[in-house]
Each structure stands twice: as structure tokens, then as C-alpha cells.
Amino acid sequence: MRAFYHPDQARHAPQQYMRFGRLVPVKDLPVRTERLLGTLARHGIAPEPPAALGTAPALAVHTPAFLRFLETAWERWTRLPDHGPEVWPNTFPYWSGRPEDPARPDCPAGGLVGQAGWYLGDLSVPLGPDSWGSILRSSETAASAADAVLAGARAVYALCRPSGHHARADRASGFCYLNNTAIAAQRLRGRFGRIAVVDVDAHHGDGTQQIFYGRADVLTVSIHADPDDYYPFYTGRPEETGHGAGLGFNLNLPLPHGAGGDAMLAALDTAAARVAGFGAEVLVVALGYDAHRDDPIGVLGLGTEDFGAVGRRLGAMGLPTLVVQEGGYAVDAIGGCLDAFLSGFDEGARR
């Protein structure tokens, strides 16, 4: 398996993270990349630097105004009087998007934390002086990995940080700024007519779903913890199946909290059947390790060895595959998770 990574991705060093009404230690630490690079080295994989592609790949799925904001926010922030250490919002818009409606729909989440976020917002995506460089390099890593698949590589790993699958076309959230998984999938459309995205991060890939929700050429499948009382709260339910031309091309497979490897594999079997029925020509895997039982913000119960079984299932699909790194915050566990995944994927692909 080939891999791509740029060391600038480790420069993003967020200082603030709000959880349950308190500032708590940041979870997306730069050391995460060190652990994953160590695993790649043990597998004899030397990451290649991504090409300097700039913002063009991201603009294929994100709005220009959103990218301009991310690129310029820190410099503009420093001009504010008595500014804090990072760009961090203190006000949020109320806009339903439908002026003919008297109000937004009732909050779909049953838990208090989800309801607070529906009305108050997201404080997990601060921007510091080095954030934009890391964000851009992460998107270039995903795009360069896609280019390798376009050139004929059968399996490529994009070690992306910051993560991406919560980023919508015009909004950052959930530690995610640009949607690396969507950027890679869109770039693969340069050669492949039907793309399948399978997201096995513990959190619903709400940004990826939003970007492709009205399209029939990209099948999006997300296996994640039940969002009724878990981030991102407002999406990720089975009834969300697509809209317009995309109706029937989005599949959500929520798992009960505490679910382990057996439940994940059963959902993967369902996903594999849908991918095969779709006639996918290439597979994009959004790989997170926050389904691990030791993850500090996780609610699922997978063990390290379960990621080997996940890799075997995905490798056995027999498609050219691009693996995009998403979440996973148990620093002492993620290296082993990637180790198990790579071994399992190779085994599955050989079958």
C-alpha cells in the first residue's frame, strides 16, 4: 500500500475544546500523526509528500467563500483588540434556510447535549496561526492519494490531519475543516463513474453525506454510533437516504452504544452488499479509530484486533481503494489499530 503525508499537517495545534460545558484537554493532538507514521514504518511504507495542488481540489466540493475564510481568518483575528489565542466563535446565526417556515423543525436529537448544540453551535474547530497550512496540506494529501489511484494504484492510504468527514460544503465542525474524504471521492470522478464511500469512524460522516446527498454517482455509507445522544446528533439516521437524484444513494447504519466488533462486521456486510449492488468501480474508506473501546470520546466497544477484521472485509471487496484517515484519539491505541487494519486489508485483498 502506498501512503501520502506532509509534516506540516502536525503544525495545527488547537488550544481549546469545549465539552459538557467545560474547557477540557484537546483531543486532536499532533502526536497522533507520530503514532501512525511509526506504524507505517513498521510495515515498510514510506509516505510520499503530496503535490502542491493548492485549493483547487477542495474547491470541487467546498464554496470559495468558505475557503477564503479559513485561509484568512487567523490574520484577520490578530487585528481584533484583545483577541484570544485562537479564532473561536461567540455568536451563531439563526437561519432555517426556508423563509416560508415559521421556525426550524424540532431538534431531532433526544439528548440534552445535542439539543444544546442545535441551539448554541459547535466549539470544536478553533483556528490558530498554523491551522490553515495543516488544513491545506491535509486536503492535498487526500487529493494526491486520489491521483495515485487514478494512475493505477490498487491501495493508497492518505494520512490526513486535521480530519474531514464532518466538514460540509460551507462549514467546519467536529475537528474537521475541509472534507478530505469528499475531496478524494470527487477527484476520483475524473476516471471512475461510480464511487462508493464507506465511513467506519465512530461518528456519522455528516459532512460527506451533505456534500453528496443529491447525487447518484457517489454512494455514501456510514457505520457509526447511534447519534440520538452522540455527535453529530442531528444526522445519521436510517431514514436519511438521499434527495432528488441522490435518493437511495445514502445509507446510514447506526450502532447501539457499547457495540463491539460483531456489530461492526454485520454492518460492514450490509455495506458491502450495497456497494456491490451499486456497481462501484472504486472505494473510498473513511477510517477512524474512535470506535475503539479506549477512545476518550468514544461510545463503542471495538478492540484493536477488530480493526483487522474491518480491514479484511474492506479489502475483500476487491476494488481499488483509497483509505482516508479520520478520527481516533486514544493515542496509545491508534498505532495498533492502523497496524491491524493494514494487515487485515492486505489479507482480504489477497483472497
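The values are calculated or read from the model by the stated rules, or taken from the named source; none is laboratory data. As the structure is a prediction and not an experimental result, all values here were calculated from the model. Ideal geometry is used to build each Cβ from the backbone, glycine not excepted, and the neighbour counts take in all protein chains shown.
When 35, 2 are checked against the criterion of being touching a Phe, Trp or Tyr at 6+ places or on another chain (Cβ under 8 Å) and within 30 Å of residue 347 (Cα to Cα), a single residue qualifies: 2.
Just one residue in the set 279, 261 is in contact with a helix residue (DSSP H, G or I) (Cβ under 8 Å, 6 or more places away or on another chain), touching a residue at least 40 places away in the same chain (Cβ under 8 Å) and either surrounded by fewer than 20 Cβ atoms within 10 Å (Cβ to Cβ) or farther than 26 Å from residue 149 by Cα (or both); that residue is 261. Of the listed requirements (1) out of contact with any helix residue (DSSP H, G or I) (no Cβ under 7 Å at 6 or more places or on another chain); (2) closer than 28 Å to residue 236 by Cβ; (3) in a helix (DSSP H, G or I), residue 32 misses just one: (1). Scanning segment 298-328 for residues that are touching a residue at least 60 places away in the same chain (Cβ under 8 Å), part of a loop (DSSP other than H, G, I, E, B) and touching a His at 6+ places or on another chain (Cβ under 9 Å) turns up 298, 299, 300, 326, 327, 328. For the residues 139, 124, 134, the requirement of being touching a strand residue (DSSP E or B) at 6+ places or on another chain (Cβ under 7 Å), of a type in the set (Ser, Thr, Tyr) and either modelled with pLDDT of 95 or more or under 30 Å from residue 186 (Cα atoms) (or both) singles out 124. Beta carbons closer than 7 Å, at least 6 apart along the sequence or on distinct chains, pair a first residue in segment 89-118 that is more than 21 Å from residue 174 (Cβ to Cβ) and at pLDDT below 85 with a second that is among the basic types (Lys, Arg) and in a loop (DSSP other than H, G, I, E, B) for 96/104. Within the set 65, 52, 46, 103, the sole residue that is within 30 Å of residue 215 (Cβ to Cβ) and touching a helix residue (DSSP H, G or I) at 6+ places or on another chain (Cβ under 8 Å) turns out to be 52. Summed over segment 223-236, the residues that are buried (at least 24 other Cβ atoms within 10 Å of the Cβ) and of a type in the set (A, V, I, L, M, F, W, C) give a count of 2. Each residue in segment 142-158 was checked for being within 11 Å of residue 1 (Cα to Cα), among the small types (Gly, Ala, Ser) and either modelled with pLDDT under 95 or in a loop (DSSP other than H, G, I, E, B) (or both), and 1 pass. Listed conditions (1) surrounded by fewer than 22 Cβ atoms within 10 Å (Cβ to Cβ); (2) within 24 Å of residue 125 (Cβ to Cβ); (3) not basic (Lys, Arg) are all met by residue 220, apart from (1).
Filtered by the rule that a residue be in a strand (DSSP E or B) and touching a Pro at 6+ places or on another chain (Cβ under 9 Å), segment 196-255 gives 222, 223, 224, 225, 251, 252, 253, 254. Considering each residue of segment 6-33, count those that are closer than 11 Å to residue 161 by Cα and not aliphatic (A, V, I, L, M), and give that number. Looking only at that region, the number is 10. Please work out if residue 245 is over 26 Å from residue 50 (Cα atoms) and not acidic (Asp, Glu). Yes, satisfied.
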